[in-house]
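Worksheet: one structure, shown below.
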Amino acid sequence: MALREIRLEGDPILRKKSKEISIINDRIKILLDDMVDTMNEANGVGLAAPQVGILRRAVVIDVGEGVIKLINPEILESSGAIIELEGCLSIPNQNGKVERPEEVKVKYLDENGETKMLEATGLLARAICHEIDHLDGVLYTDKAIETFSSEEETNVVEKE
Ligand code: CO
C-alpha cells in the first residue's frame, strides 16, 4: 500500500489537461493501485490522477459497489439533469450544489487494455462526470450553483 499526496486547490497542476494513456505499463498499474489506497485513506468516492500530481487520464471510483479503475474514460451519452451536493478531496471542508446528468454511458480501458462500456446512474454517474472534469482541469466549484463551507453545511457528503 502506498499513499500519494493529494494536491489541493490552488496547485496549478489541477488546472492542466491530462494526457491520454497509450501504454498500460506497470507504472500506470502502480499509479492506479496507489490512487485507490489514497482515495480509501481519505474516505473519498473517487480520485483522478492529476489530484496526485500525475497528468494522465486515469481515474478510480468506489461509490460503495467496488473499485472501478478507468483509463482514458470518455462519456459517449448522457441524459437527464439532477442537482446534488458534491465535494472534492482537493477542496477540503467545502461542498457545493452541482447539476450533473442523471445517466451517463462511458467508454474506458480497463487495466488489461480492454475497452469497456459502463452505464451509470445516480452517485456513480456523478462521480464519473466529476473525475473526468479533473482530467480536463475543471473543478466542481467552476460549475457549482452554490457552495458551502463545512461549517454552514453539516450534511454528510461524498468526496470525490
Ligand atoms: Co474532485
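Structural remarks
- Peptides 22-31, 36-45 ordered by average Cβ neighbours within 10 Å, highest first: 36-45, 22-31
- Shape call, the stretch 1-82: gyration tensor on alpha carbons, a/c limit 1.5: rounded
- On the principal axes of its alpha carbon atoms, the stretch 12-149 extends 41, 30, 27 Å, with the longest extent given first.
- In sequence order, the stretch 129-142 has phi-based couplings of 5, 4, 6, 5, 4, 4, 5, 9, x, 9, 10, 4, 5, 5 Hz under the Karplus curve 6.51 cos²θ - 1.76 cosθ + 1.60, θ = phi - 60°, and Gly or Pro positions carry x.
- The stretch 102-140: GluC sites (Glu not before Pro) in DSSP loop, at most 10 other beta carbons within 10 Å: Glu114
- Taking a ≥ b ≥ c as the square roots of the eigenvalues of the Cα gyration tensor, an a/c ratio of 1.5 or more together with a/b no larger than b/c marks the stretch 73-143 as oblate.
- Normalised by the number of residues in the chain, the average gap of Cα pairs under 8 Å and 6 or more apart makes the relative contact order 26 percent.
- Straight-distance crosslink candidates among lysines, where the alpha carbon sits under 29 Å from Lys143 and sequence neighbours closer than 8 are dropped: Lys16, Lys17, Lys19, Lys69, Lys97, Lys105, Lys107, Lys116, Lys159
- The stretch 41-60 versus the stretch 92-135: alpha-carbon centroid distance in Å: 12
- In order along the stretch 6-14, phi translates into HN-Hα couplings of 7, 6, 9, 3, x, 6, x, 5, 5 Hz, rounded to whole numbers, per the Karplus curve 6.51 cos²θ - 1.76 cosθ + 1.60 with θ = phi - 60° and x for Gly and Pro.
Read-outs: derived from the displayed coordinates by stated rules, not from any lab. This one's a predicted model, so the numbers in the text were calculated from it and none came from an experiment. Reconstructed Cβ throughout: ideal geometry from the backbone, glycine too, with neighbour counts over all protein chains shown.
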